[in-house]
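Structure, as structure tokens:
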Amino acid sequence: PNSTISYYTKGAMVALALDLTLRIETHGATSLDDIMRELWRRYGARGVGLPEDGFEQLVAQVSGLALGDFFDRAVRGTEDPPLVALLAEFGLALELRASAGPDRCRRCRPRARCRRTGRRAARRERWA
């Protein structure tokens, strides 16, 4: 089981899931882009702080959708967003696989000794 969480990764996953959900449920009439533009117009451009429940309320107002269940599960809960199903709606396949474990830390230079594990770091793969 996951004992740690990256809030940056989880946030990106939730944002993608919210965008896809908005696009599906509104038949393309609303996206996360629309929400963010309105968020800026109401709060950012005016230098006004966003209330704690303000984002969820704004999503409901702009989209016309009641997404309390989405926010309960994806934000306030511990479930991962259903990205496989959401992406499938757009003809995309997401295949998850278990990690084989890192050969090296992300911070290690190729062939250098890892400060965390003490092992020599593997060569970095080149992207084609």
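Please list, ordered by first then second residue, the pairs with beta carbon atoms under 7 Å, 6 or more apart or interchain, first in the stretch 50-67 and over 16 Å from ALA17 (Cβ atoms), second open to solvent by 50 Å² or more (accessible area, probe 1.4 Å) and part of a loop (DSSP other than H, G, I, E, B). Here the result reads ALA60/ALA66, each pair linking the stretch 50-67 to a residue that is open to solvent by 50 Å² or more (accessible area, probe 1.4 Å) and part of a loop (DSSP other than H, G, I, E, B). Restricting the stretch 16-33 to residues that are out of contact with any Ser or Thr (no Cβ under 8 Å at 6 or more places or on another chain) and either modelled with pLDDT under 95 or of a type outside the set (A, V, I, L, M, F, W, C) (or both) leaves a set whose member that is nearest to LEU86 (Cα to Cα) is THR21. Please verify whether ARG111 is in contact with a Cys (Cβ under 6 Å, 6 or more places away or on another chain), at pLDDT below 95 and either open to solvent by 90 Å² or more (accessible area, probe 1.4 Å) or not in a helix (DSSP H, G or I) (or both), treating the condition exactly as stated. Answer is no for this residue.
The values are calculated or read from the model by the stated rules, or taken from the named source; none is laboratory data. The shown structure was predicted, so the numbers you read here are calculated from the model rather than taken from an experiment. Every residue, glycine as well, gets a Cβ built from its backbone with ideal geometry; the counts of neighbours run over all protein chains shown. Quick note on the areas: whole protein, heavy atoms, side chains included, nothing else; ligands and nucleic acids left out. Shrake-Rupley method; radii C 1.70, N 1.55, O 1.52, S 1.80 Å.
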